[in-house]
Amino acid sequence: MSLTKVPRTVPAARLRRTMAGRDPGEPHRSATPLELFFDLCFVVAVAQASEGLHEALAHGHHLAGALRFALVFFTIWWAWMNFTWFASAYDPDDTPYRLTVLVQITGSLILAAGVSRAFEEGDLLVITLGYVVLRTALASLWLRAAFSDPARRKATLRFAAGITACQLGWVALLFLPAGARLPGVAVMVLAEVLVPVWAQSAGMTPWHPHHIAERYELFTLIVLGESVAAATVAVRGAFERNQGTGALYTLAAGGLLMAYAMWWLYFTKPAYVLLATTHQAHRRRFTWAYGHYLIFASATAEGAGLAAYADHVTRHPGAPSVGAGMAVTVPAAFFLITVWAVHLWPHQRRVADRVPFAVTAAGVLLAAWSPAPALVAGVFLGGLVTVVTVRQRR
């Protein structure tokens, strides 16, 4: 007796359901291997942004370097965040989906390749190309979701249309005169930020609180890790040149203490507690999600500031500089303030719980005038961690 294989056919109705919205209450929802790979490849772009800011600070281009870093990091963060929320809503993990995500990863690598040109020459061609590849691939996923999820078709089509229009705007920006590009960039950033607000006014797409919380926590680890790595490389290079050894020891100790404290403070409260309760409302959820731009950017900038201070120590041993110190302390203060405002403040009922954060932020900023800004800032942050931990145990 012979058995004949009958080819499997997938009904059209099933194909349409392949990207139906996922259940927001799905148990044991966590980041997938593809999402982890996506994050890993984004590390390259984060590292390039940190290095670009480091070089700008080291050469005294503080304002221009900060503005270019803000734009470059926006493109990295915005592309990462939009895919994160999309994947929380729609993730069939089939072959077309995987291939489209790999195209996004390719776009992130092209974007990373253009970061140095953006910092050194203000040339946005390559970084725009990478960004457009990233975002256009995501727009195609929103179109697929519109086909698969009729109940949310209006919102998903708005996402696809808004993202596509913005990419046309970024490309058009390349043809503007140099003097008109900065206002054009501001308009395009605003347009990008408003797309989710406009799209979700037509209907809310599903998302999973535990999944989103984990994805944001993982990216926090990425930027903190990049900060430590950037500072380590810079300090090692300075040690190899045998200059400013004492100051480098304090810089290394202070940088580690700051990184440990920043990690501790962010993970003091689990993010999913807010997302699963008070932050289901649109306004609070958008504030939390968008506010993480400052958390991620300041953590990345911290590594660049530590590296720039290491350069200053090796080039000008024994000559403290407030400007070099501020490259270390300002990002740390920004991180502290934004983590408190976005992530911790909703948990705090009493004024007494908030005062230590304000005092520590002031102390961290004033540390720029000390002979060892990283170590002094680290001591302030470590003290805050102690206060927060003792109060939690009580």
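The values are calculated or read from the model by the stated rules, or taken from the named source; none is laboratory data. Since we're looking at a predicted model, the values are computed, not measured. All Cβ positions, even for glycine, are placed from backbone atoms using ideal geometry, and neighbour counts span all protein chains on display. Protein only, heavy atoms only, side chains kept; ligands, DNA and RNA dropped before computing areas. Shrake-Rupley method; radii C 1.70, N 1.55, O 1.52, S 1.80 Å.
Descriptive notes on the structure:
- Looking only at segment 183-200, and only at residues there that are in contact (Cβ under 8 Å) with a residue 40 or more places away in the chain and over 16 Å from Ile76 (Cα atoms), the one that is most open to solvent (accessible area, probe 1.4 Å): Trp198
- Single residue of segment 44-65 satisfying the filter (surrounded by fewer than 21 Cβ atoms within 10 Å (Cβ to Cβ) and among the hydrophobic types (A, V, I, L, M, F, W, C)) that is nearest to Leu111 (Cα to Cα): Val44
- If you go through segment 21-38 and keep only what is farther than 17 Å from His210 by Cβ and either open to solvent by less than 50 Å² (accessible area, probe 1.4 Å) or free of Cβ contacts under 8 Å to residues at least 24 places away in the same chain (or both), you end up with Pro33, Leu34, Phe38.
- Residue in segment 355-378 that is out of contact with any helix residue (DSSP H, G or I) (no Cβ under 6 Å at 6 or more places or on another chain), of a type outside the set (Lys, Arg) and more than 26 Å from Ala253 (Cβ to Cβ) present: yes
- Here is the figure for segment 155-171: residues that are open to solvent by 50 Å² or more (accessible area, probe 1.4 Å), over 14 Å from Ser140 (Cβ atoms) and without any contact (Cβ under 8 Å) to a residue 40 or more places away in the chain total 2.
- Qualifying residue in segment 231-251 (condition: modelled with pLDDT of 90 or more, open to solvent by less than 10 Å² (accessible area, probe 1.4 Å) and either among the β-branched types (Val, Ile, Thr) or not in a loop (DSSP other than H, G, I, E, B) (or both)): no
- For segment 257-269, the tally of residues that are open to solvent by 50 Å² or more (accessible area, probe 1.4 Å) and either more than 16 Å from Thr329 (Cβ to Cβ) or outside any helix (DSSP H, G or I) (or both) stands at 5.
- Ala289 within 18 Å of Leu221 (Cβ to Cβ), under 20 Å from the mean Cα position of the chain (by Cα) and crowded, with 21+ Cβ neighbours inside 10 Å: no
- Among the residues of segment 348-361, those identified as open to solvent by 50 Å² or more (accessible area, probe 1.4 Å), within 27 Å of the chain's Cα centre (by Cα) and more than 12 Å from Val388 (Cα to Cα) are Ala358, Val359.
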